[in-house]
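These notes concern the structure reproduced below.
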Amino acid sequence: MRHGRKVRRMNRPQDQRRAALRALATNLLREKSIDTTVANAKAVAPEIERLIKLARRGDLHARRQALAFIYDRDVVKDLFSATADRYKERNSGFTRIIKNGFRRGDNAPLAIMQLV
């Protein structure tokens with residue numbers, strides 16, 4: 001049983017799961033909206049929340065922590081300049097997940113994930 005287990009495993013080993021979360025977070029911050037499965041969207045939402053809270057903090061240590069997670073330096077620059085200002089007044093709830101039907105091949109539930 002999985003009582004008390006908080007990690008969404010995404011049916012991957014830990015290193016692949018972390019790489020997938022990093023890629024999803026980078027793409028979401030770059031594009032502001034991505035199409036993915038519901039499970040992946042729910043797994044990456046806490047990471048996006050953490051990154052935006054780091055950006056709102058805005059100090060050097062927070063920037064280095066974000067650079068350690070996000071693949072693209074330009075995305076980090078945009079995160080700490082434009083995105084941090086956009087969410088100054090908002091405490092949490094920076095993402096929106098809209099369910100969008102099912103994938104044709106394996107019938108996986110799809111979602112559109114957006115920055116609010």
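The values are calculated or read from the model by the stated rules, or taken from the named source; none is laboratory data. Keep in mind it's a predicted model, so treat the numbers as computed, not measured. Reconstructed Cβ throughout: ideal geometry from the backbone, glycine too, with neighbour counts over all protein chains shown.
Residues considered: F94, F69, F80. Of these, the only one that is at pLDDT 95 or above, surrounded by 15 or more Cβ atoms within 10 Å (Cβ to Cβ), over 28 Å from N11 (Cβ atoms) and not charged (D, E, K, R) is F80.
Yes/no per residue for (1) assigned to a loop (DSSP other than H, G, I, E, B); (2) of a type in the set (D, E); (3) touching a residue at least 24 places away in the same chain (Cβ under 8 Å):
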| residue | (1), (2), (3) |
| --- | --- |
| H61 | no, no, no |
| R64 | no, no, no |
| A68 | no, no, no |
| F80 | no, no, yes |
| E89 | yes, yes, no |
| I97 | no, no, yes |
| R104 | yes, no, no |
| N107 | yes, no, no |
| Q114 | no, no, yes |
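Considering L21, L28, the condition of being surrounded by 18 or more Cβ atoms within 10 Å (Cβ to Cβ), assigned to a helix (DSSP H, G or I) and in contact with an Asp or Glu (Cβ under 8 Å, 6 or more places away or on another chain) is satisfied by L21 alone.
Going by the structure shown, is R86 within 16 Å of Q114 (Cβ to Cβ) and either surrounded by fewer than 19 Cβ atoms within 10 Å (Cβ to Cβ) or under 13 Å from the mean Cα position of the chain (by Cα) (or both)? Taking the combined requirement at face value, the residue satisfies it.
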